[in-house]
2 protein chains.
Amino acid sequence: MMIAEVSEKFNVSPDTLRYYERIGLIPRVNRNKNGVRDYTEEDLGWVEFTKCMRNVGLSIEGLIKYVELFQQGDTTLEARQEILIEERDQLRIRTEEMRKTLERLDNKIEIYNELIAGREPKRN
Amino acid sequence: MMIAEVSEKFNVSPDTLRYYERIGLIPRVNRNKNGVRDYTEEDLGWVEFTKCMRNVGLSIEGLIKYVELFQQGDTTLEARQEILIEERDQLRIRTEEMRKTLERLDNKIEIYNELIAGREPKRN
DNA sequence: ACTTGCCTTGGAGTTGACTCCAAGCATTAA
DNA sequence: TTAATGCTTGGAGTCAACTCCAAGGCAAGT
């Protein structure tokens, strides 16, 4: 699959795909005889994974390290898992913060309902 | 309360506090006779609110609009509530995405446990 | 044979959100 | 009265993460 199709499939610009490869966020994609990238299913898997993880804010640094270790083979399983655990824990913290803030916003919106109903003294 | 103390209290640099005020993310803070910012309790409330909301990714644009409307008084209650609802809905979507990705990471970490236990064929 | 279209690369440019800096004014300490 | 501290402002600088650009290769269509 060529870059334009991958770009469309995952809604990531060709420039960004090339950029991700350049910095090692996804492994190097094979080129065909003309030097054009030809994405395998595995490459697509990496693109999807990266997009998903970046989307929720996993660190580029951690993901690059993960790809690097992956390419070194089976001896790096533990190290790779550690990165995932570290990133997962960070994500958990952020998710919990968001959950709390979501509640706070729900409350605030409810207060606005009351304010609008009664035009009582202002509230920030 | 002066800027240094506010900075420490909320762990936001003085430069950032001035920047937030400059772009309208918090309302203008009163200056004392020497032109020095003197934060009231209400100002502190804004700083805390802004920090909390920015922390979970609410748009600067929405928050600026909110502050703007707030300063126009009671006639803008509905418009302000709409902004909060819009931002809340966005936040909900992001939180849900994070929850799903968290699950995915948990699974992946579990798979690594199995791989490490058995050194079976590699898995990305 | 030439144009069109999609790709390549290295490198420069952009954007958002800060972060730093220089010049200058009050207040307090020595 | 000089020095140090902490603030002010407008504007410049930084950084991450893209995003764009120029110059050029290959191949299919006319």
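Applying the criteria of a DSSP loop state and at most 12 other Cβ atoms within 10 Å to the trypsin sites (Lys or Arg not before Pro) of the stretch A:21-94 yields A:Arg28, A:Lys33. How would the protein assembly as shown be classified by its alpha-carbon gyration tensor: rounded, prolate or oblate, with rounded meaning a/c under 1.5 and the a/b versus b/c comparison settling the rest? Prolate. Couplings for the stretch B:60-72, taken from phi via the Karplus curve 6.51 cos²θ - 1.76 cosθ + 1.60 with θ = phi - 60°, read 4, 3, x, 5, 5, 4, 4, 4, 4, 5, 4, 6, 8 Hz in order; Gly and Pro are left as x. For A:Val12, the amide hydrogen comes within under 5 Å of no other amide hydrogen, counting only partners 5 or more places away or on other chains and with H modelled in the peptide plane.
Take every Cα pair under 8 Å whose residues are at least 6 apart in sequence, average their separation, divide by the length of chain A, and the relative contact order is 18 percent.
For the segment A:76-86, counting C-beta atoms of other chains within 10 Å of every residue's C-beta and taking the mean gives 3.
For A:Arg37, the amide hydrogen comes within under 5 Å of the amide hydrogens of A:Asn32, counting only partners 5 or more places away or on other chains and with H modelled in the peptide plane. Rounded to whole numbers, the Karplus 3J(HN,Hα) couplings from phi for the stretch A:75-90 are 6, 9, 4, 4, 4, 5, 4, 4, 4, 4, 5, 4, 5, 4, 5, 4 Hz, using 6.51 cos²θ - 1.76 cosθ + 1.60 with θ = phi - 60°, and x at Gly and Pro. Among A:Ile111, A:Ile93, B:Ile26, a tally of other beta-carbon atoms within 10 Å of each Cβ gives an order, fewest to most, of A:Ile93, A:Ile111, B:Ile26. The lysine pair count for the stretch A:18-124, using Cα distances under 26 Å and pairs eight or more places apart or on different chains, is 5. Considering every alpha-carbon pair of the stretch A:34-109, the percent of pairs per 5 Å bin, from zero through the bin containing the longest distance, is 3, 13, 17, 19, 16, 11, 8, 6, 4, 3, 1, 0.
No value in this document is a laboratory result; all are computed from the given coordinates. Predicted model only: the values in this text are computed from it and were never measured. We place every Cβ from the backbone using ideal geometry, glycine too, and count neighbours over all the protein chains shown.
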